[in-house]
Amino acid sequence: ILSVQATTIDHDRDGRAVVLLYTDVTADRRLREELTGFAGVVAHDLLNPLTTVEGWTTAAVETLAGSTDPAAVEAGEQLARVSRAAVRMRHLINDLLAYTTARDSAITEVEVDVHAIVADIVVARTDAAQASGGPVPRFRFDTLPWVRADPVLLRQLVDNLIANAIKYTAPGVTPLLEITSRIAGDRTEITIADNGIGIPAGQHDAIFGNFHRAHRSAGYSGTGLGLAICRRIVDRHGGTIAASDNPGGGSRFTFTLATADAGVPLRVSDGFQY
Ligand code: ADP
């Protein structure tokens, strides 16, 4: 399914031209059909006009950037601000959508390999850090176990926690993340520890609330919904999640989920195909 928008623009020398903006909205339509909550539908509908704002401001910023006219260059800088605001708005809308999905969508619990999910996120986050030119995070983790969970929601949970562990680090410090697990009968505990700026005293529970941000004044960008989404996901699986101080500095997030039948980590040396 394609959405098409047409705009006529004037050229100084070449007369008028028509620009067509095609957007593939197939995946969006499917997602929309799956959303149940009103907030989800509203958030989703905000994405379409926002795509137009992002598309046209980016195009205009590029066009104006090469100009020799100071007024055009200034207009380009103003539009670049609009473009950055649109990106922030997209993050907020995406988080609202994720929150609604975590709250309302049906969950499918299967046996999931936490190790495979973590390994995949580690590659993606390392690539992203390299591409952005920032410090490349370092990860340390043993063979992680299997749990019973919805694979899509589990991935989102772990990715949110890892993204925060990387983000809330002092400037110039290389993020070091340690991911460990403990199996206690039918509950499996996964812990993500970081060497970051830590959580201010008395805020360890509050940070899981909607829009609660503990480091707003320190200049870290965010929506304050990531941990609320994490708590929703864990709640829906009948598990728990909590934040604490990392004894060596930084913070630690621990969540529990149901142990899978294959809960004990399978190692190649045990003779299993892994
Ligand atoms: P945000 O979009 O602000 O990152 P979250 O809901 O993910 O929202 O987190 C809420 C707040 O909890 C953050 O604004 C930050 O103050 C704090 N926080 C989350 N993760 C960490 C962490 N690993 N270390 C220190 N503070 C954290």
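Read the figures in this text as sums done on the coordinates, not as results from a lab. Worth saying up front: this structure is predicted, and the values here are computed from it rather than measured. Backbone-built Cβ (ideal geometry, glycine too); neighbour counts: all protein chains shown.
Annotation for A80 and R187: the two label points, set 7 Å from Cα along the Cα-Cβ direction, are 5.1 nm apart. Between 0 and 90 degrees, the angle of helix 70-104 with respect to the longest Cα principal axis of the chain falls at about 40 degrees. Relative to the longest principal axis of the C-alpha atoms of the chain, give the angle of the C-alpha long axis of helix 151-167, reported between 0 and 90° and rounded to the nearest 10°. Helix 151-167 sits at roughly 80 degrees to that axis.
Working note: Karplus 6.51/-1.76/1.60 with θ = phi - 60° gives segment 229-238 the couplings 5, 4, 5, 4, 4, 5, 4, 5, 9, x Hz, where Gly and Pro are set to x. On the principal axes of its alpha carbon atoms, segment 89-206 extends 40, 36, 35 Å, with the longest extent given first. Pairs of C-alpha atoms in the chain farther apart than 27 Å represent 51 percent of all such pairs.
For n ≥ 4 DSSP H runs only, could you compute -39500 (n - 2.57) per run for the chain, divide by its residues and tell me the 222 nm figure to the nearest 500? Kindly include the intermediate steps, with their values, before the conclusion.
On the way: 6 runs with 119 residues, N = 274.
Computed ellipticity for the chain at 222 nm equals -15000 deg cm²/dmol.
For segment 133-274, the fraction of alpha-carbon pairs lying more than 20 Å apart is 49 percent, rounded to a whole number. Spin-label model, A65/V87: points 7 Å from Cα along the beta carbon direction are separated by 1.1 nm. Annotation: the antiparallel percentage among DSSP beta bridges lying fully within segment 107-227 is about 75.
Where does each of H237, H204 land when they are ranked from fewest to most other beta-carbon atoms within 10 angstrom?
H204, H237
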